[in-house]
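Comments concern the structure below.
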Amino acid sequence: GRNVVYMPTVSHVGISRRISKDRERRRLRGIVDQMRPAGAGFVVRTVAAESESSQIRAGMDYLIRCWDNIRANERIHRAPVMLYRDLDLMLRVVRDNLDGTIDKVIVDDRSQFERLKRYVRAFMPENEEKIVAYEGRDPIFDGYGIELEIDRALQRKVELKSGGSLVFDQGEALTSID
């Protein structure tokens, strides 16, 4: 999940080493200890630092329900069968990267926009207003000049904002950067 990793068969609570404040580590451990099922464990991810306890609890609840569904499907179906499929790339990227440093996510496909909006509303409601539908007439890469920037980045000589430049020369067994 976004804030926690569920370990249904390991009775352990771990806190990301990147969360260095002892007070925050204790707070997060307390939240997880209150809700975790007996015999199960969680790892609190770095992104959970300073998160509301309700967000962490919602993530834990979601993962516990996913595991319960996996176990139920295991009892119903015979092998071989897929018991669980992780989120697709778009939803994983948003789950793992949408935070306070990102102002908006612009989506140029209406059905994907609606799907992403539903996901964010359910699991990251504080970021719902950041999901925006692209309204331009030109393709989104042209509308934001991304295609031009990709072309520039792939040229032999790349100009830098500082006024300098990088020159890439590729030989048979060597790429040199000057």
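The values are calculated or read from the model by the stated rules, or taken from the named source; none is laboratory data. This is a predicted model, so every value here is computed, not measured. Here the Cβ is made from the backbone with ideal geometry for all residues, glycine too, and neighbour counts use every protein chain on show.
Can you find, within segment 53-83, the residue that is farthest from Arg25 (Cα to Cα) among those that are part of a loop (DSSP other than H, G, I, E, B) and aliphatic (A, V, I, L, M)?
Residue satisfying both the conditions and the ranking: Ala79.
Listed here are the residues, each with its yes/no results for (1) among the small types (Gly, Ala, Ser); (2) surrounded by 12 or more Cβ atoms within 10 Å (Cβ to Cβ); (3) modelled with pLDDT of 95 or more; (4) more than 23 Å from the chain's Cα centre (by Cα).
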site	(1), (2), (3), (4)
Gln34	no, no, no, yes
Pro37	no, yes, no, yes
Val43	no, yes, yes, no
Ala48	yes, yes, no, no
Gln55	no, yes, no, no
Leu63	no, yes, no, no
Ala72	yes, no, no, yes
Ile76	no, no, no, yes
Ala79	yes, no, no, yes
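Is it the case that some residue within segment 161-176 is modelled with pLDDT under 90 and closer than 20 Å to Gln55 by Cβ?
No, segment 161-176 contains no residue that is modelled with pLDDT under 90 and closer than 20 Å to Gln55 by Cβ.
Just name the residue that is farthest from Asp99 (Cα to Cα) out of those in segment 28-52 that are part of a helix (DSSP H, G or I) and touching a residue at least 24 places away in the same chain (Cβ under 8 Å).
Met35
Quick check, is Arg18 of a type outside the set (Asp, Glu) and touching a Ser or Thr at 6+ places or on another chain (Cβ under 6 Å)?
So Arg18 fits the description; yes.
Of everything in segment 8-26, what is closer than 25 Å to Asp68 by Cα and out of contact with any helix residue (DSSP H, G or I) (no Cβ under 7 Å at 6 or more places or on another chain)? Give them in sequence order.
Result: Thr9, Val10, Ser11, His12, Gly14.
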